[in-house]
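Below is one structure, written out as structure tokens, with a few remarks after it.
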Amino acid sequence: MTSSPAKFTILTVCTANICRSPMMEMLLRSGLDADRFAVLSAGIQGWDQSPMDADAAAQLERLGGDGSAFRSQPITAALIKSASLILTATREHRSGVLDVSPGALRRAFTLREFAALAPKVETPSLSTLVTEAARMRSQGPADADIADPYRGGADVHEVIAEEISESVTTVCEVLNRITAR
């Protein structure tokens, strides 16, 4: 009996884990092969076991996702250690990840940063993709943050959901292309 290879684990991170990171998590899950990828989310100041923000959940539903079963969790060193790739909403969140686990630097990017860098990397390997993207970090976008829509109303949530969806689509295309080889 042969064992199956370990899944490539992606951790998405925002502030409370009720708006941006759960949306990133759910959209990544829907765009990636569940046999090859595991996707989780957490918050730097994460609430424990809270549902998604109602406006964020409505936008996720509009994009074809379902956040009804989602429950938030705070970031932990174990979650960070288990992640092959960490995608944060902002550079501040990335710093928060590094405060917990400084060794995660080469695996931690903002979502927009990774979406800009990943298509530039030619590689047959997911781990090499992450390593090469880290080396190219200086070529990333100057504005790599996704603003916090919390309590911003439906219009603000829609704009943020579109930003997240666009970046997630790019990331999924790159990851799926590599795993299809």
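Taking amide hydrogens as placed 1.01 Å from N in the peptide plane, the amide H of Thr9 sits under 5 Å from those of Ala38, Ser84, Leu85, each at least 5 positions away in sequence or on another chain. Per-peptide packing, taken as the mean over residues of other Cβ atoms within 10 Å, places 138-144, 76-82 in the sequence 76-82, 138-144 from highest down.
Across Val121, Val100, the residue with the most accessible area heads the list, and the full order at a 1.4 Å probe is Val100, Val121.
Could you check how many percent of all C-alpha pairs in the chain are farther apart than 23 Å? Present the calculation step by step, with values, prior to reporting the outcome.
Values: 5744 of 16290 pairs.
So the portion of pairs separated by more than 23 Å is 35 percent.
Relative to the longest principal axis of the Cα atoms of the chain, the long axis of helix 91-100 makes an angle of roughly 70 degrees.
Assigning unit charges at the beta carbon (Lys, Arg +1; Asp, Glu -1) and nothing else, what dipole magnitude in debye, to the nearest 20, does the chain show about its Cα centre? Display every interim value, and only then the final one.
Numbers: 18 positive and 22 negative charges, 173 e Å.
Once rounded to the nearest 20, the dipole reads 840 debye.
Compared with the dominant principal axis of the Cα atoms in the chain, helix 153-180 is inclined by about 20°. Per-residue packing, averaged as other Cβ atoms within 10 Å, sorts the ranges 25-31, 87-93 into the order 87-93, 25-31, beginning with the highest. Database remark: amide H of Gly46 closer than 5 angstrom to the amide H of Ile75 (H placed geometrically; neighbours at sequence offset of 5 or more, or on other chains; Pro and chain starts carry no H).
In the assembled protein chains, Ser68 presents an accessible area of approximately 80 Å² (probe radius 1.4 Å). Taking the 0 to 90 degree range and rounding to the nearest ten, how far is the long axis of helix 20-31 tilted relative to the main principal axis of the chain, both from C-alpha atoms? On a 0 to 90 degree scale, this one is about 50.
Our coupling estimate for the range 127-133, obtained by passing each phi through the Karplus curve with A = 6.51, B = -1.76, C = 1.60 and θ = phi - 60°, is 5, 5, 4, 5, 4, 5, 4 Hz, Gly and Pro reported as x. At q = 0.10, 0.12, 0.15, 0.22 Å⁻¹, what log₁₀ I(q)/I(0) does a Debye calculation on the Cα points of the range 61-164 give, no solvent, two decimals? These q points yield log10 I(q)/I(0) values of -0.33, -0.48, -0.74, -1.26.
Which length gain, in nm to one decimal place, applies between Ala6 and Arg62 when the Cα-Cα distance is subtracted from 0.36 nm times their residue separation? The partial results should precede the final answer.
Details: separation 56, 0.36 × 56 = 20.16 nm, distance 3.22 nm.
Length difference between fully extended and current span is 16.9 nm.
The alpha-carbon positions of the range 2-97 define a convex hull whose volume is 98 Å³ per residue. Farthest toward the positive end of the dipole of the range 1-80, out of Cys19, Gly65, Ile44, is the Cα of Ile44, where the dipole comes from beta carbon charges about the Cα centre. Using a simple spin-label model with pseudo-atoms 7 Å out from Cα toward Cβ, Asp155 and Asn176 lie 3.3 nm apart.
The values are calculated or read from the model by the stated rules, or taken from the named source; none is laboratory data. Predicted model only: the values in this text are computed from it and were never measured. Positions of Cβ are backbone-derived with ideal geometry, glycine not excepted, and every protein chain shown enters the neighbour counts. Accessible surface areas use protein heavy atoms only, side chains included; no ligands, DNA or RNA. Shrake-Rupley method; radii C 1.70, N 1.55, O 1.52, S 1.80 Å.
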